[in-house]
Amino acid sequence: MSITDWIVLGITLLAIIGYGIWKSRGTKNIEGYLLADRKMPWYHVGLSVMATQASAITFLSAPGQGYTDGLRFVQFYFGLPLAMVVLCITFIPIYNKLNVFTAYEFLEKRFDNKTRTLTAFLFLLQRGLSTGITIYAPAIILSTILNIDVNYTIVINGLLVIGYTVYGGAKAVSYTQLFQMSVIFAGLFLAAYMVVHLLPENVSFSDALHISGKMGKINAIDTSFDLDNKYNIWSGIIGGFFLQLSYFGTDQSQVGRYLTGKSVAQSRLGLVMNGLIKIPMQFFILLIGVMVFTFYQFHQAPVFFNKAEIKQIEKSAYKADYQKLEQAYTLAHREKQAQVNRLVDAIHSHNEAAIDEAGKQVKASDAKSNSIRKEVAALMKKNSPTADTNDTNYIFLSFITQQLPVGVVGLLIAIIFLASMGSMASGLNSLASTTVVDFYKRLYKKEESEKSYLSTSRWTTVAWGLFCIVTAFYASRVGNLIEAVNILGSLFYGTILGIFLVAFYMKNISGTAVFYAALVAEAFIVYAWMTDLTAFLWLNVIGCFAVMLVAWIIQMVMNKSKENKTSS
Amino acid sequence: MQEAGKNTRIDTSYKGYFIFNIFNYNMINEEEEKSPILGSWPRVYALVIGVLVLIIVLLYIFTRQYQ
């Protein structure tokens, strides 16, 4: 990275963090620290909700996903607007009326303390691990740029976020996120413009869409119903709805964001904003990945995008084998490039038969290149069984640092950092809220001064920050980060959502019934995931309905047994 | 519904907890929390769902056009 890029990166980060700290000075109680005094307007709520969900993973992994898998991941978000509507109608008024700090407080008011504690525990487990993964994503950037061990960059990035979150709490989180999202939107448009601008002169944006379409990347809608297919319209609308409803309705990292709204109307408008913008934004990010893919049809892509792993293999006994594969990859690219040029000519001549024929040939050449990439990955595994052979997260990073001009690189790297900071800060704030409100204050110290709770909240934020840093050390082993976070969420969200839906809509179910139902459902979900029973999005639906069904059965048995005792 | 902020149990026996809860008739004062846009919340929700349907249709056409 050039000095200009470092200056752009440094100024962007310091300005935003400084602004957040300045705006959050003078926090005196835990309502201010954990919920920003519940005084935020709708646009703060909306941008904060978006910034919390859009982690660095979104900007690193999603374009990589677009590059390797096309646009089909966008279907994952189809359930989100529907979930926003349900949240506005049901969840927000209830939380607001009960004046809760965390979503789990509601469960004690509806059921009992053990159900509240179990749900809060499941949340802490899931969010603690997910936040660890979100620290890892930008740490790999610094690691690549500075050429130092990724563990050091995890620590630096983690400590930076811990610093301003501990100081300013929810206010610092909200104010920094407002500016983070503004810079992120600006940077995304710039990145999209740059990648289209870098295409050859004779290739327009429409031509690029045709080329990527012929190579199977324009696959935004898949209407086939297949339970094993991760992304189709049905899994997106149904499974996605349950996942998003659970995430936004019961995950404190999100609940904590819209509880900062100064009224029900302001919180609702914030979520409505998210429901309107999220899918177009995600589509846009994936499309950038598809355009990067098209760019690399005209310029040779690295045979493997993770430079650190390439260095390892070049130092090993497999160096000669790797070099042979690299040469074969170069030849395959030349062959493919000639065919892509033929495809462009066919597109310009509007000859459908020629377009189809050229498209098939390009696809075959691409398959050949991919098979060489797989051989390289296998060689890396052979050299070191612990090698990270999934380079999806490095694709966009590699494109930014190698192809974009000075200054733009610094800004785009800043965006990835800001996105990471936003979601990590919300994560830490919610982990601290839940630990202090649902465990410390509820079970340990019920009557303490505001000052004492504030101090405990700060120390808890530090402790969770350190836990997340340690988790991030192991995140490299989980493959595609955006999928890993969603799979992790799907393991817990269905069960948690089931508990909340029983609370809202099944008035005759008691705390004991839902508590044991949740344990049974969670055990089944873990079993279903370990045995690959179905695509992960469906785990949310299964977990949710399992809790509702089992709770209903247990309640029936309990009622029968009560009746029998009474009659005898 | 119990008074906010106290550790007392929610009363689930009030009329229509199951269905009417969905429309939160017992939850908020709709006049105080009137939607600042489009006049009412159901219209705002209809807009969100309408935009979702429109996006899916547009993406379907987009996929058919370029696939």
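The values are calculated or read from the model by the stated rules, or taken from the named source; none is laboratory data. This one's a predicted model, so the numbers in the text were calculated from it and none came from an experiment. Cβ: placed from backbone, ideal geometry, glycine included. Neighbour counts: every protein chain shown.
In segment B:42-67, the residue that is farthest from the other protein chains (Cβ to nearest Cβ) out of those that are surrounded by fewer than 19 Cβ atoms within 10 Å (Cβ to Cβ) and either under 11 Å from the mean Cα position of the chain (by Cα) or touching a residue at least 24 places away in the same chain (Cβ under 8 Å) (or both) is B:Arg43.
Restricting segment A:218-257 to residues that are of a type outside the set (Gly, Ala, Ser) and within 9 Å of another protein chain (Cβ to nearest Cβ), which is surrounded by the fewest Cβ atoms within 10 Å (Cβ to Cβ)?
Of the residues in segment A:218-257, the ones of a type outside the set (Gly, Ala, Ser) are A:218-219, A:221-223, A:225-234, A:237-238, A:241-245, A:247-248, A:250-252, A:254-255, A:257.
In the following step, the residues that additionally are within 9 Å of another protein chain (Cβ to nearest Cβ) were identified as A:218-219, A:221-223, A:233, A:237.
Working: A:Ile218: 24, A:Asn219: 21, A:Ile221: 23, A:Asp222: 18, A:Thr223: 10, A:Ile233: 20, A:Ile237: 18.
Here the answer is A:Thr223.
Of the residues making up segment A:524-568, those that are more than 20 Å from A:Ile237 (Cβ to Cβ), modelled with pLDDT of 90 or more and of a type in the set (Phe, Trp, Tyr) are A:Phe524, A:Tyr527, A:Trp552.
Looking at A:Ile211, is it assigned to a helix (DSSP H, G or I), within 13 Å of chain B (Cβ to nearest Cβ) and touching a residue at least 24 places away in the same chain (Cβ under 8 Å)? It would help to see each step written out before you state the result.
Working: assigned to a helix (DSSP H, G or I): yes; within 13 Å of chain B (Cβ to nearest Cβ): yes; touching a residue at least 24 places away in the same chain (Cβ under 8 Å): yes.
Against the criterion (assigned to a helix (DSSP H, G or I), within 13 Å of chain B (Cβ to nearest Cβ) and touching a residue at least 24 places away in the same chain (Cβ under 8 Å)), A:Ile211 qualifies.
Among residues of segment A:34-84 being within 14 Å of chain B (Cβ to nearest Cβ) and basic (Lys, Arg), the one that is surrounded by the most Cβ atoms within 10 Å (Cβ to Cβ) is A:Arg72. Exactly one condition in (1) touching a helix residue (DSSP H, G or I) at 6+ places or on another chain (Cβ under 7 Å); (2) in a helix (DSSP H, G or I); (3) surrounded by 19 or more Cβ atoms within 10 Å (Cβ to Cβ); (4) touching a residue at least 60 places away in the same chain (Cβ under 8 Å) is not met by A:Phe284; state its number. Among (1) touching a helix residue (DSSP H, G or I) at 6+ places or on another chain (Cβ under 7 Å); (2) in a helix (DSSP H, G or I); (3) surrounded by 19 or more Cβ atoms within 10 Å (Cβ to Cβ); (4) touching a residue at least 60 places away in the same chain (Cβ under 8 Å), A:Phe284 violates only (3). Listed conditions (1) touching a residue at least 12 places away in the same chain (Cβ under 8 Å); (2) at the interface with chain B (Cβ under 9 Å from one of its Cβ atoms) are all met by A:Phe123, apart from (2). With respect to (1) more than 13 Å from chain B (Cβ to nearest Cβ); (2) on the phi > 0 side of the Ramachandran plot, the lone exception for A:Asn99 is condition (1). Among the residues of segment A:293-306, at least one is touching a residue at least 40 places away in the same chain (Cβ under 8 Å), buried (at least 17 other Cβ atoms within 10 Å of the Cβ) and within 14 Å of another protein chain (Cβ to nearest Cβ).
Being within 10 Å of chain B (Cβ to nearest Cβ) and in a helix (DSSP H, G or I) is the filter; apply it to segment A:260-272 and report the residue that is surrounded by the fewest Cβ atoms within 10 Å (Cβ to Cβ). The qualifying residue surrounded by the fewest Cβ atoms within 10 Å (Cβ to Cβ) is A:Ala265. Here A:Leu125 passes the criteria (1) crowded, with 21+ Cβ neighbours inside 10 Å; (2) under 22 Å from A:Asn540 (Cα atoms); (3) over 15 Å from the mean Cα position of the chain (by Cα); (4) not hydroxyl-bearing (Ser, Thr, Tyr) except the one numbered (1). Checked against (1) under 27 Å from A:Thr27 (Cβ atoms); (2) over 17 Å from the mean Cα position of the chain (by Cα); (3) surrounded by fewer than 20 Cβ atoms within 10 Å (Cβ to Cβ), A:Arg116 passes all but condition (3). Screening segment A:43-158 for helices (runs of 4 or more DSSP H) wholly inside it with 2 or more residues that are modelled with pLDDT of 85 or more and within 30 Å of A:Gln312 (Cβ to Cβ) returns the ranges A:56-69, A:113-146.
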